[in-house]
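I have placed the structure first, in the form of structure tokens, so that the comments after it can refer back to it.
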Amino acid sequence: MILVLGIGGSFPYGFHISVINYPSVHIRKFINETWMERHGSPLHPETIMLLWSFIVSVYGIGGFLGSLCCGYLTTKYRKKKCQMFTNLIMLVAALLMAFSKTAKSFEMILAGRFLYGVGTGFSLNIHPQYVGEISPKKLRGFTNSTVAVFLTLGKLTGQVVGLREILGSEALWPWLLASSGLSALVQLVTLPFFPDSPSYLLIQKGNEEAFRKAIRKLWGEGDHQAEIDDIMKEKAAVTSTKTLRVLEVIKERSLRWQLYILVTVMTTLQLCGINAVEFLQEHRAKAGTFSFDTFSSFQSTLIERFGRKVLLCGGYTLMCSVLALLTMTLSLQVTRQQPSGCLPSTSPLPATVSIMVEIFSQSFRPSAFLIVGCINWMGLFVLGMIFPLIVDNLGPFCFLIFLGILVLSAIFIYLYLPETKGKSIMEIKAEFNKLNFGKKEISVTENNFPKEQLFCTKL
């Protein structure tokens, strides 16, 4: 099930980030040729570039809208059904891309790109929640880290199929943009054979029989009583079904430090320099530069051994070293020709995903991931807009800004994030209650739980 969730979850997000740059020349040429056929005169180069920029950026707009809608819809219709609906959106987008050249309509590319954004906005929110809820406690860190692994595979796949020798040629670029529809089709066909998450079936649906059946199907016939007891305790903490707006969730005192941690790790993920390096490559049109996220994939094998906090702080520290080395390399560069090379990424994404899933209980998670989606898509948009200006003004020293952010975030995480490895959701909640309420520690026993509510993610 991890494979099925991955190919339709974070995989398309990574794919569309990397693949769009390869057919850029062909798409701009197609826009101009289409305009000439319609109006008999070519477009001004600046207008072509504006249309191309809008095609690229409308993906982020769609993703932002998808994230806004996702929380409310997953709460009302469940994650599995919403993910299958997302696959239908992705298939429609793929068809628009595939036949855009035949129909001589660059507007179809624009619409397809927007729908891809909406779809990935949904799937990028659903995937971490779903995969975190179907895993037992001892494997939760590993399964959460697969979100980063599939995102990395998506980027790598986009880089490979975008080559001219495969689908990046002038004749085949529509099929390049449509190729991600294959992963959506595979998930649409296979996902119905898997159950909803056990915690959803028990906590939100109240169906204990389906809950135990899902446990057996996902985890086998072994002794899972300890895991079942943890989910039962979490269910006992849900005492109300009153819907709250997102702003009310933000004001909730029992979630104060969880939200601080969430905003910190998500903002740092956007401003750690990984996305900036990709923007820099596109901004300066560097040829022969290849990027891959080795550390993210490696973290998935270490996260259950060393814990989330150690990997997160260690990842931030390692990234500081990489950015310092990159700054020195760029400042000492004396020739205008960019060197070919390999840029290993040290992204803290696997540990970040695990933390986001584990610090919120089932009833709070949709609202929390709505906030995550907004930060993610807004961060991508803002960084894409301002980073070229930063490069023009600071030159090779532009990455020092990200280095400073990483240092501050590492200190904050080290001081305030409780280690979540091997702990149940209720045990993690008790740790945060010490921060949220100070000395007024809330006793977490089977018959005495801090009250929770099911949140509606309407703005």
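Summary table below
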{"item": "Residue within the range 176-197 that is modelled with pLDDT under 90 and touching a Gly at 6+ places or on another chain (Cβ under 7 Å) present", "result": "no"}
{"item": "Any chance residue 256 is at pLDDT 65 or above, part of a helix (DSSP H, G or I) and either assigned by TED's automatic domain parsing to the domain that holds residue 60 or surrounded by 14 or more Cβ atoms within 10 Å (Cβ to Cβ) (or both)", "result": "yes"}
{"item": "Qualifying residue in the range 80-101 (condition: under 26 Å from residue 169 (Cα atoms), at pLDDT below 95, within 18 Å of the chain's Cα centre (by Cα) and not β-branched (Val, Ile, Thr))", "result": "no"}
{"item": "Residue satisfying condition, being among the small types (Gly, Ala, Ser), buried (at least 18 other Cβ atoms within 10 Å of the Cβ) and under 25 Å from the mean Cα position of the chain (by Cα), within set 158, 168", "result": "158"}
{"item": "Evaluation of residue 232 against (1) more than 30 Å from residue 93 (Cβ to Cβ); (2) assigned by TED's automatic domain parsing to the domain that holds residue 108 (one fails), failing number", "result": "(2)"}
{"item": "Condition check for residue 241: touching a Pro at 6+ places or on another chain (Cβ under 6 Å), surrounded by fewer than 20 Cβ atoms within 10 Å (Cβ to Cβ) and at pLDDT below 75", "result": "no"}
{"item": "Residue that is aromatic (Phe, Trp, Tyr), crowded, with 18+ Cβ neighbours inside 10 Å and in contact (Cβ under 8 Å) with a residue 60 or more places away in the chain, where the choices are 99, 15", "result": "15"}
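The values are calculated or read from the model by the stated rules, or taken from the named source; none is laboratory data. The shown structure was predicted, so the numbers you read here are calculated from the model rather than taken from an experiment. A quick note on method: Cβ atoms are made from the backbone with ideal geometry, for glycine too, and the neighbour counts reach across all protein chains shown.
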